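Quick notes on the structure that follows.
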Amino acid sequence: MVKITFPDGSVREYEQGVTGLQIAESISPALARNVVSCGVNGETVELNRPINEDATIALYKFEDEEGKHTFWHTSAHLLAEALKELYPGIQFGFGPAVENGFFYDVMPKDGDVISENDFPKIEAKMKELAKKNEAVVRRDVSKAEALAEFKADGQEYKCEHIEEDLEDGTISTYTQGNFTDLCRGPHLMNTGAIKAVKITSVAGAFWRGDAKRDQMTRIYGISFPKKSMLDEYLLMLEEAKKRDHRKIGKEMELFMFSDRVGKGLPIWLAKGTQLRLRLQELLRKMLKPYNYEEVITPGIGGKSLYVTSGHYAHYGKDAFQPIHTPEEDEEYMLKPMNCPHHCEVFARKPRSYKDLPLRIAEFGTVFRYEKSGELHGLTRVRTFTQDDAHIFVRPEQVKQEFENIIDIILKVFRIFGFENYEAQISLHDPKDTEKYIGSEEIWAESENAIREACREKGLETHEEVGEAAFYGPKLDFMVKDAIGRRWQLGTIQVDYNLPQRFKLEYTAEDNSKQTPVMIHRAPFGSLERFTAVLIEHTAGHFPLWLIPDQVAILPISEKYNDYAREVKAFFDKAGVRALIDDRNEKIGRKIRDNELKRVPYMVVVGEKEAAEGLVSMRKQGGGEQATMTKEEFAKRICDEVAEQLKLAED
């Protein structure tokens, strides 16, 4: 018998060799119908994998993240099986599950091109194969067997992968129908569970992500266990198109990109700059009680700075190449991170335990070299500004400081209406020591500090191994927007390593020299990404305090332009941000155009309004309409702004 421990701590005994499916069946037939994979001792595996020793188990449905990954991983293989039948001679690269679905990189034989026109026939073939309910069979193979099998099938990319990346004793294949793939799993037990599929897009992708290698065809798709779930997803996609921050940003004249300036380098226009500055001022107001010192550091730094910090070794591929000056051996780099600069600020003079916590903040612009194919509006750029800070503390101050930062981040979420969020503790992977700096003892100490702070705050968390920064673990906040998409916003990181690398020290109460602990934090993450997520969350309908133009003044005809200017001058003095739309257009056209620009309020002025000092107010979206004095309207706007900003002051 083996003892199986469930997530709630309960324990049951089963015969040795029991499978996850049999365990699910022992609990309830309904669970057995819905479970797609299981976690055994933290590893996700197939439901038919035998369990031969005492273990912890979690049973995953499609709704669970692990369940989706299993479902979409198998769907990627189903896509490949369909492509193999439709396009004889096709070559396969890699085909993983991703956050929303799956993709497969393929190389069709000469003369074959896969385009959007082919999506319906690919989907039809996938459904046809899924209906066969083919078993997905796992097999452990030697390196020689794997090479022989894939050579016989003419799969050149698979053979390269086997020869260069895989070792004997670690190789497994999965087969369904006439398709076999190299894979670690996990997978569904059969393909029949895949009831609905949609091919979503096709793009180019370099083999192994190397621009010097072959360009392959990347086919994206998504699948579900029910057609109704696919229908809901497609509706969400349509809504997402309407909320696309690139489209709305252009309509609201917030930002732009220029090929001459360079890919991935956003230009903030006047209205976007106003919005961005208000975000900064909001955070400054929130930080005031915590005594942060705001600094400005250069956009470049000597290469040796980033060698010392470890960023050059660990981020070198993601950074712009060093800049060589005329002086021999003098090299600079565009700043990839603010933290090394802040370490130098700490080190500029002797520090005492009385100086700590020392909180150094900066709206610091950094530069990362993202591949052009991965750039996307403001969410993936080559330069962005972090609402960054680094807090230097004594070890016994870590937990309290961490809790203070959690409070700041959760307040930001409340102010902007991000009510649905989860917290992820990102841990290091002890099996991948080359990826990180610092000792196991330091990692254990810093990871436990995060766990304790989260427990103190009553914050529910889940843990992800391998997602830590190279210098320390993180607490990352994932928010769901208004249509259910998941975004990473806000991060806190505990770092025992960088202060040691920079030889930072303070004088303790006993006059000994001690190394401070460093906490990295960014409540927004970056102003670019936060703005993009906020646009898509609100569909551009920003809070009244934040939006660049609060009111559009619409004169009915040119005769009332003078009164419109008088109203605007009054609003300016009252602190109301207003624009005048004095184009020679009908009032209906002006209203429609300003609706498109998401201006929250419009005031129409004509003969009666000019004669009596009134404005006819109309709320965005054709809602409330009323006539009032310009004084009453200005007070209404100011009161609404004050009410919205109360959260920041509480």
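The values are calculated or read from the model by the stated rules, or taken from the named source; none is laboratory data. This is a predicted model, so every value here is computed, not measured. So basically every Cβ, Gly included, is an ideal-geometry build from the backbone, and we count neighbours across all protein chains shown. Remember, those area values only see protein heavy atoms, side chains included, never the ligands or the DNA or RNA. Shrake-Rupley method; radii C 1.70, N 1.55, O 1.52, S 1.80 Å.
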In nm, what is the difference between 0.36 nm times the number of residues separating A611 and V465 and their Cα-Cα distance?
45.6 nm
Tell me the GluC sites (Glu not before Pro) within the stretch 125-234 that lie in a loop according to DSSP and have at most 11 other beta-carbon atoms within 10 Å.
E167
For the chain, which whole percent of the accessible surface, found with a 1.4 angstrom probe, sits on carbon and sulfur atoms?
48
Starting from the Cα of D210, step 7 Å toward the Cβ, then list every residue of the stretch 150-173 with an amide N under 20 Å from that point.
151, 155-167
[x] 15; [y] 20; [z] 33, with the label sought being that of the calculated percent of Cα pairs over 45 Å apart
[z]
Expressed in angstrom and ordered largest first, the alpha-carbon extents of the stretch 344-428 along the principal axes are 48, 34, 29
Rank these by accessible area, largest first, 1.4 Å probe: K271, K573.
K573, K271
Taking the Cβ-Cβ separation of I483 and I267 as r and a Förster radius of 30 Å, what is the calculated FRET efficiency to the nearest 0.05?
0.60
Rolling a 1.4 Å sphere over the protein heavy atoms, what is the accessible area per residue of the stretch 223-296, to the nearest Å²?
62
In terms of Cα to Cα distance under 17 Å, which lysines are near enough to K435, apart from those fewer than 8 places away along the same chain?
K317, K474
I'd like to know which of N448, F402, G417 lies farthest towards the positive end of the charge dipole of the stretch 363-470, counting +1 on Cβ of Lys and Arg and -1 on Cβ of Asp and Glu.
G417
Between K121 and A135, what is the label-to-label distance in nm when each label sits 7 Å out along the Cα-to-Cβ direction?
3.3
Net length gained if the chain between K411 and V98 were fully extended (0.36 nm per residue, minus Cα distance)
109.6 nm
Step through the table entries K597/K619; K271/K597; K271/K568; K198/K241; K109/K158; K288/K573, compare each Cα-Cα distance with 20 Å, and write down the pairs that go over it.
K288/K573
Put a dot 7 Å past each Cα toward the Cβ at S372 and Y353; how far apart are the dots in nm?
5.7
Per DSSP, the loop-located trypsin sites (Lys or Arg not before Pro) within the stretch 364-438 having at most 11 other beta carbons within 10 Å are K431
Equivalent ellipsoid semi-axes, the stretch 78-133, via Cα gyration tensor eigenvalues times 5, rooted, Å
17, 15, 11
What is the spin-label model distance, in nm, from D329 to L234 if the labels are put 7 Å beyond Cα along the C-beta direction?
6.6
Backbone N under 16 Å from the Q625 label point (7 Å along Cα→Cβ), restricted to the stretch 593-609:
593-595, 601-609
Reachable aspartates and glutamates from K151, criterion Cα separation under 18 angstrom, eight or more residues apart if same chain
E81, D140, E160, E163, E164, D165, E167, D168, D181
Residue separation between E164 and E43 times 0.36 nm, minus their alpha-carbon distance, gives in nm 41.0 nm
Please give the per residue accessible area of the stretch 565-624, computed with a probe of 1.4 Å over protein heavy atoms only, in Å².
53
How big is the shadow of the Cα convex hull of the stretch 428-486, averaged over all directions, in nm²?
4.8
Quick one: Cα centre-to-centre distance for the stretch 34-57 and the stretch 225-242, in angstrom?
31
